[in-house]
Amino acid sequence: MTIEKKQSDGELTIEVGGRLDTNTAPELEAAVKLDGVTSLVFDFAGLEYISSAGLRVLLAAKKTLMATGGEMSVVNANNSVRSVFEITGCSEIFGLS
């Protein structure tokens, strides 16, 4: 898995590539630092696969941001990744775009 972070003021964009699963989810969790972040964007253009462990990391980040009035979105998910969000009901939670 690859992770690239871009931060400007209160907006953090995290580009994730490869596979986000049980083995790699802790790496993403460690990369998500939300101090001073009001807007978090996960860019999944390079993501090939996401498991429930990956979804758990996203849910934790969303919960943290919501507690401080922040926003989170998931963008550029391919059809395979998008189907995991839809099957689990997470597409409504994250508002995929």
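Values as computed for the structure displayed
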| quantity | calculated |
| --- | --- |
| Label selected from [x] 5.9; [y] 5.3; [z] 6.5, the criterion being mean projected area of the Cα convex hull in nm² as computed here | [y] |
| GNM top mover of ALA61, ALA30, ALA77 - the chain, alpha-carbon springs below 10 Å | ALA30 |
| Between helix 52-67 and the chain: long-axis angle, C-alpha atoms, 0 to 90°, nearest 10 | 20 degrees |
| Ascending count of other beta-carbon atoms within 10 Å, so fewest first, for VAL84, VAL16 | VAL84, VAL16 |
| Sequence-separation-based contact order of the range 2-94, relative, with Cα cut under 8 Å and 6+ spacing, percent | 28 percent |
| Neighbour cut-off at most 11 other Cβ (10 Å), DSSP loop, trypsin sites (Lys or Arg not before Pro), the range 1-87 | LYS33 |
| Among ILE14, ILE87, ILE50, residue whose mean-square fluctuation peaks in a GNM of the chain (springs only between Cα atoms under 10 Å) | ILE87 |
| For the range 18-33, 3J(HN,Hα) per residue [Karplus equation, 6.51 cos²θ - 1.76 cosθ + 1.60, θ = phi - 60°, Hz, x = Gly/Pro] | x, 10, 10, 9, 4, 6, 9, 4, x, 5, 5, 4, 5, 7, 7, 10 |
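Each reported figure results from applying straightforward, stated rules to the coordinates on display, with no laboratory input. Because the structure is a prediction, the values reported are computed rather than measured. Methodologically, a virtual Cβ is constructed for each residue, glycine included, from the backbone with ideal geometry; neighbour enumeration extends over all protein chains shown.
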